[in-house]
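Here is the structure we will look at.
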Amino acid sequence: MSDKNTVGVVVGNTNTDSYSFILTSMASSKGDLVYTESEIPAAESNKSAKKVFVWGRILSINRTNTAFPSEIAQEIAKEQIEIRETLASTDNEYQEAEVEILGQCEQKDTEEEQIFLSPLNYPVMPSAQVKIPNEKLVKKLLSGTTENEKLIKIGSLISRKDIDINVSASKIVARHMAILAMTGGGKTVATRRIIKGLSNFGYPMLIFDPHGDYLGLYSNQDKLKDENGEPINVKIFQPALMAKGHDEVVEMMITLFTKFDLSLSPAQTDKFYEFVESKEAKVAFGDPAATAAKRQYDSKDIKEHLKAFEEIIRKELEGEENKTIKRTIGAVLRTVKQLIREIDLMQKTNKQLAKRLKSKDNSFEFENMPNLITDPEDVVRSNQISIFYLGGFSRLLQSMIVSIVLETLFKNRASLDDDRIGPFASIIEEAHNFVPGSGEEKKSTPSLLTIRKLLTEGRKFGTGVILISQRPNRLDETTLAQCNSFLILKLVNPRDQGWVQRVMEQMSDQDREALKAFANGQAFISGHAVKFPLQVKVDRDEELETSIMGDEDFINENSQHHQKSAPKMKKRDENSDLISSIAKSAKKAKTKI
């Protein structure tokens, strides 16, 4: 290691966790990796001290001039004069940096293909030289030769563009990840980078997309290839609430009644349960014990089950003669019809939004969600990304869809059957709506327990989860604590910053303060996916973006709409004025008579 790389000298009190040094060169900046030579006690009792290299990360840099006190600065500002016109000096300036110690290694370790660090058990020596490593050494420290490790290039160090930062793909999908940022901070850019990285290995992914942020993957899927050059298939599904079997259908119906606040009186409730337990309902919904239905029953949209249930109630109503009972049955029927209307309206909205998107980009092709029980491989398959477009659905139905899809696929994966689906990763956008932190929201969020199960048991079965949110402090803290890797982009809200630092183990106070100053795409990454916590600049995959989503130009859209509708509106106004004039004339003539 050459002395040419020296950037400073250690000063003040030191300990095994940190030290400070005076910068003697401007070749280093905040976030840089540095090392210093030091002597520590030998592990063997019969040997003297041994020389090691102590590695660290610069957390902060302070700049001071002892010959330029604040009193002089105030006077210069007040009199509006230049410093050279005073006795103050700029020659006594110095810069002091604080370093977080990452660990230590011996000199022979730096000659290996990969550098592994062990904890430091003795402080560095004041007056020791601090050096900045060359590109080769940093790469050995951060990655090294990892022939069997699947890596995703996430970007580069903020302070050194020549240093690529890679993350472990296997640790992301096995140990889960959280990507957090304020709106406009670059979380979609970061997520797209992870998606592209996983697609390089043909890894199956499910994306739950409430706003269509990832539809650009479909229209640009020709840009996605695995490491063997094979194409990646991207599918967009229009989801539905699927249920199979009598018990499952009844449970979902009751949940929907509760969540939509469709209350029934005690008499109406009794009649409802009388209907759902009838032989006709068991045949319609599918009887798991095959006592009432001989045929194989399939998973169907809950709306179809509700329509069959509506027909059962209607027939009973037509045959009932008792007026009191007839009124009770009628109330149950109206409630079921109202529920059907609610679901039908949301599904129509979803389809209309999809149609609108398709009209902007003819490459989009939306598919109906397949039967996840009988055909799960249509959703989870190597070299395939499955996007569930949730636009138009209420937050409750979005949560139920996510819960049903993940629960069904998890059961298949955890069954250990020979024909079960392979491992997969679930990417959940707007995660604060699916794993909320407040007690009130948890009661109406069925996806919470499902996602928590995937996070706690996913390592055993290969059901990884990536949570994405711009509202970190609204996320369930217990759930997020199960994520072992974090990518945190720009966060300005102090509550979000403090909450993130509390959940993460490796974020310093200086890192937390840096979050509010990050530019778009700059991030702090830590956890199992990387060897050390680092500040990185995330690469942007512009070829996977779509122009139809993002910052809509409503000003121009309004101008175009006005030009198109102006003649029609003018004619309508003229007709309205004519009708009004005729009405006034008629009224005046009638008054004279």
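The values are calculated or read from the model by the stated rules, or taken from the named source; none is laboratory data. Because the structure is predicted, anything quoted here is derived from the model rather than measured. Here the Cβ positions follow ideal geometry from the backbone for every residue, glycine too, while neighbour counts run over all protein chains shown.
Scanning region 434-455 for residues that are crowded, with 23+ Cβ neighbours inside 10 Å and touching a residue at least 60 places away in the same chain (Cβ under 8 Å), we see that the one that is nearest to Phe260 (Cα to Cα) is Phe434. Checking Asp344, Asp378, Asp419 one by one, the residue that is more than 19 Å from Ala240 (Cα to Cα) and of a type outside the set (Lys, Arg) is Asp419 and no other.
The one condition from (1) within 28 Å of Leu475 (Cβ to Cβ); (2) crowded, with 23+ Cβ neighbours inside 10 Å that Thr191 does not meet is (2).
Look through region 341-364, keep the residues that are of a type in the set (Asp, Glu) and part of a helix (DSSP H, G or I), and return whichever of them is farthest from Leu215 (Cα to Cα). Applying the filter and picking the extreme gives Glu342.
Residues in region 347-398 that are at pLDDT 85 or above and among the β-branched types (Val, Ile, Thr): Thr349, Val379, Val380, Ile385, Ile387. Of all residue pairs spaced 6 or more apart or on separate chains, those with beta-carbon atoms under 9 Å, a first member in region 472-500 that is touching a residue at least 60 places away in the same chain (Cβ under 8 Å) and a second member that is β-branched (Val, Ile, Thr) and exposed (fewer than 15 other Cβ atoms within 10 Å of the Cβ) are Gln482/Thr456. Scan region 144-167 for residues that are under 13 Å from Lys531 (Cα atoms) and surrounded by 20 or more Cβ atoms within 10 Å (Cβ to Cβ) and the total you get is 3.
Taking Asn220, is it among the polar types (S, T, N, Q) and buried (at least 17 other Cβ atoms within 10 Å of the Cβ)? Criteria met by Asn220. With a requirement of 3 or more residues that are of a type outside the set (Val, Ile, Thr) and at pLDDT 65 or above, the strands (runs of 3 or more DSSP E) lying completely within region 1-94 that satisfy it span 18-23, 33-40, 50-65.
Only a single criterion out of (1) of a type in the set (A, V, I, L, M); (2) part of a loop (DSSP other than H, G, I, E, B); (3) buried (at least 22 other Cβ atoms within 10 Å of the Cβ) is not satisfied by Val405, namely (2).
Residue count for region 474-494, restricted to those that are in contact with a Gly (Cβ under 8 Å, 6 or more places away or on another chain), within 18 Å of Gln506 (Cα to Cα) and in a helix (DSSP H, G or I): 1. Among the residues of region 154-171, the one identified as over 20 Å from Lys187 (Cα atoms) and modelled with pLDDT of 90 or more is Ser170.
Inspection of region 108-126 finds a residue satisfying the criterion of being surrounded by 12 or more Cβ atoms within 10 Å (Cβ to Cβ), at pLDDT 65 or above and of a type in the set (Asp, Glu). Across region 302-318, not a single residue is classified as part of a loop (DSSP other than H, G, I, E, B) and modelled with pLDDT under 90.
Taken over region 502-524, residues that are under 18 Å from Lys187 (Cα atoms) and of a type in the set (S, T, N, Q) amount to 2. Of all residues in region 370-392, those that are assigned to a loop (DSSP other than H, G, I, E, B) and surrounded by 21 or more Cβ atoms within 10 Å (Cβ to Cβ) total 4. Residues in region 472-484 that are closer than 17 Å to Ile525 by Cβ and crowded, with 21+ Cβ neighbours inside 10 Å: Pro472, Leu480, Cys483. When region 424-450 is filtered for residues that are within 24 Å of Ala181 (Cβ to Cβ), of a type in the set (Ser, Thr, Tyr) and either modelled with pLDDT under 95 or assigned to a helix (DSSP H, G or I) (or both), the ones remaining, listed by number, are Ser438, Thr445, Ser447.
Region 116-225 holds helices (runs of 4 or more DSSP H) entirely within its bounds, and those carrying 3 or more residues that are over 26 Å from Ala514 (Cβ atoms) and among the aliphatic types (A, V, I, L, M) map to 169-175. If the condition is being assigned to a helix (DSSP H, G or I) and surrounded by fewer than 23 Cβ atoms within 10 Å (Cβ to Cβ), then region 456-471 contributes Thr456, Glu457, Arg459, Lys460, Phe461. If you check Leu215, Leu206 for being surrounded by 23 or more Cβ atoms within 10 Å (Cβ to Cβ), under 29 Å from Ile165 (Cβ atoms) and in contact with an Asp or Glu (Cβ under 8 Å, 6 or more places away or on another chain), only one passes: Leu215.
For region 298-313, how many residues are of a type in the set (Gly, Ala, Ser) and under 16 Å from Pro239 (Cβ atoms)? The qualifying residues number 1.
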